[in-house]
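The values are calculated or read from the model by the stated rules, or taken from the named source; none is laboratory data. These numbers were taken from a predicted model, which means no experiment stands behind them. Methodologically, a virtual Cβ is constructed for each residue, glycine included, from the backbone with ideal geometry; neighbour enumeration extends over all protein chains shown. When the accessible area is computed, the model is the full protein with side chains, heavy atoms only, and any ligands, DNA or RNA have been set aside. Shrake-Rupley method; radii C 1.70, N 1.55, O 1.52, S 1.80 Å.
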Amino acid sequence: MTHTEKLETILRDVIAPSAEQTDREGIFPRAAIEALGRAGLLGLTSSSEVGGMGLGMREAANVVEKIASECPSTAMVVTMHYCGTAVIEKFGPESLRREIAAGHHLTTLAWSEKGSRSHFWAPVGTAKADGSEYVLDGEKTMVTSAGEADSCVWSSRPATAEGASTLWFVEMGKLAIPGKFDGMGLRGNASAPLSCASMRLQESAMLGADGGGFDIMMGVVLPLFATLVASCSVGLMDASVSRACQHAGGNRLEHLGSSLADLPAIRAHIGRAKIRADAARALRDDVISALENAREDAMLRVLEVKANAAEAALEVTDIAMRVCGGAAFRRNVGVERFFRDARAASIMAPTSDILFDFIGKVACGLPLFG
Ligand SMILES: Cc1cc2nc3c(=O)[nH]c(=O)nc-3n(C[C@H](O)[C@H](O)[C@H](O)COP(=O)(O)OP(=O)(O)OC[C@H]3O[C@@H](n4cnc5c(N)ncnc54)[C@H](O)[C@@H]3O)c2cc1C
């Protein structure tokens, strides 16, 4: 079986049947993650040298998009796992890389902080050298798979070096969850705060150089994160449009002898949504080509892709709600779940507002930072 066929089976047998319950009860999609692990899909981006599939961003985006069309909560767990894996693949020990490749280890990123909020590139949590060890203190505001993943890639201020940040491999068991919250959307992704007080780590837990976090964030993680979060948005937009079309075609105005889809206003709404969804997919595919071919505009496309897809998803899911009318409001059609889930991408860091500003800076020839 190809990895795509394996994914289709898991989508049909595990993810789709439990998506509604995952959302309603806010439960972590453990069965889905275990099935993806068994199928090798959690090791999709791990190198074949350590037993992974050795595939790239294009395939990861396709996996995330397909999962998001059924369960965006699960898609976000997988997104953050692939992002954490990218750092561990480059800087982590071989034994850990093998665990991830084998689907036995789920990871995530713990970057956003109480102090610097969505400005993830500037952690205020600290790391202090103490003999051969390091002592870390920090408060993260929202971490996907908090308490559910086996580990996270943690950010702090550098211990002794210059620079904005240092990254660490931290086992989830070393961290405290100072309070869960009842999220509006992506309710199954177990996002919660994480904190540590005087947490002791060996030097081997440092991922990359002390003070090297910023370059890893921007060079290794941001292109993948932006593309995969955009893929979540693309997947849930597609699902929203197709559910809206099904509803419009399948529901009749008996006194007129026509369906909702026979109304020009309804068709125009659907047409507008379809353009937004298809354009977001086209830009997502373009950023992958730009990165694969090291195009000059690759970084600009990286900045654009998530903002574009996240904003499109706000509009498309809003249109799906409107097209499906009272049935959507009563939660009968399932588009209301996508409407709520769609809200996360625009506020996940870098938020759309920050990206608009960054893109404006690039367009005006100004530096992104400073
Ligand atoms: C479902 C979900 C899952 C998440 N998972 C993770 C995770 O796994 N790991 C992780 O590290 N984080 C995660 N986050 C956190 C996320 O990345 C953001 O840090 C968080 O959502 C930002 O919220 P805030 O209130 O702190 O934002 P704030 O920084 O307080 O922003 C508030 C508003 O101000 C705007 N704003 C802030 N700065 C600027 C600026 N310079 N220019 C223009 N506008 C600005 C923002 O766009 C926003 O609209 C997750 C968030 C969500 C919702």
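Accessible surface for the chain, divided over its residues, is 42 Å² per residue with a 1.4 Å probe.
Working from Cα positions, state the angle (0 to 90°, nearest 10) between the long axis of helix 57-68 and the longest principal axis of the chain. Taking Cα atoms only, the helix is inclined about 50 degrees.
Projecting the Cα atoms of VAL335, GLY131, MET199 onto the charge dipole of the chain, computed from C-beta unit charges around the Cα centre, puts VAL335 farthest toward the positive end. Shown for the chain is the translational diffusion coefficient from the Stokes-Einstein equation, using the Kirkwood radius over Cα pairs, a temperature of 25 °C and a viscosity of 0.890 mPa s: 116 µm²/s. So what's the gap between the Cα centers of segment 71-98 and segment 233-247, to the nearest angstrom? One Cα centre to the other: 28 Å.
Overall, the chain carries a charge dipole of about 920 debye about its Cα centre when +1 sits on the Cβ of Lys and Arg and -1 on the Cβ of Asp and Glu, all other atoms neutral. Relative contact order of segment 214-363: 30 percent, from C-alpha pairs under 8 Å at least 6 residues apart in sequence.
Name the residue from VAL362, ALA309, LEU256 whose Cα lies farthest towards the positive end of the charge dipole of segment 256-370, charges +1 on Cβ of Lys and Arg and -1 on Cβ of Asp and Glu. Looking along the dipole axis, the top candidate is LEU256.
Between HIS255, HIS105, HIS269, the Gaussian network model of the chain with springs among Cα atoms under 10 angstrom shows the greatest mean-square fluctuation at HIS255.
Of LEU253, LEU291, LEU303, which is the most mobile in a GNM of the chain whose springs link Cα atoms less than 10 angstrom apart? Sorting by GNM fluctuation, first place goes to LEU253. Its relative contact order, with pairs defined as Cα atoms under 8 Å and 6+ residues apart, puts the chain at 16 percent. Give me the aspartates and glutamates in straight-line cross-link reach of LYS140: C-alpha distance below 14 Å, same-chain residues under 8 apart excluded. Of all the aspartates and glutamates, those that pass the test against LYS140 - Cα under 14 Å, at least 8 places apart if same chain - are GLU113. Helical content of the chain, expressed as a calculated mean residue ellipticity at 222 nm, amounts to -16500 deg cm²/dmol (DSSP H runs of 4 or more residues, -39,500 (n - 2.57) each, divided by residue number, nearest 500).
Kindly identify segment 80-187 as rounded, prolate or oblate by the Cα gyration tensor criterion: order the square roots of the eigenvalues as a ≥ b ≥ c, call it rounded if a/c is under 1.5, otherwise compare a/b with b/c, prolate if a/b is larger, else oblate. In terms of gyration-tensor shape, oblate. Of ASN62, ASN308, ASN251, the residue with the greatest mean-square motion in the GNM of the chain, using alpha carbon springs below 10 Å, is ASN251. Taking all Cα pairs closer than 8 Å and separated by 6 or more residues, the relative contact order of segment 3-101 comes to 29 percent. If each of ALA363 and ILE177 carries a label point 7 Å out from its Cα toward its Cβ, how far apart are those two points in nm? It is 4.2 nm.
Taking the DSSP beta bridges with both ends in the chain, the antiparallel portion is around 95 percent. In the neighborhood of SER259, defined by Cβ-to-Cβ distances under 13 Å, what is the net charge if each Lys or Arg adds +1 and each Asp or Glu adds -1? Net of charged neighbours comes to 0.
Against the main long axis of the alpha-carbon atoms of the chain, helix 264-292 sits at an angle near 30°. Between helix 352-363 and the chain there is an angle of about 80 degrees, using the helix long axis and the longest principal axis of the Cα atoms. Each Lys and Arg adds +1 at its Cβ and each Asp and Glu adds -1 at its Cβ; summed about the Cα centre, segment 214-363 shows a dipole of about 620 debye.
Near LYS6, once Lys and Arg are set to +1 and Asp and Glu to -1 for all other residues with Cβ below 13 Å from its Cβ, the sum equals -1.
Each residue, SER259 and ASP278, gets one label point 7 Å from its Cα in the Cβ direction; the gap between the two is 1.9 nm. If Lys and Arg each add +1 and Asp and Glu each add -1, what is the summed charge of the other residues whose beta carbon sits under 10 Å from the beta carbon of ALA146? Neighbour charge sum, excluding ALA146 itself: +1. Scattering from segment 263-313 was approximated by placing one identical point on each alpha carbon and applying the Debye formula without solvent; log10 I(q)/I(0) at 0.12, 0.20, 0.28, 0.32 1/Å stands at -0.33, -0.66, -0.96, -1.10.
Taking the Cα centre of segment 109-209 as reference, the dipole from Cβ charges on Lys and Arg (+1) and Asp and Glu (-1) amounts to some 280 debye.
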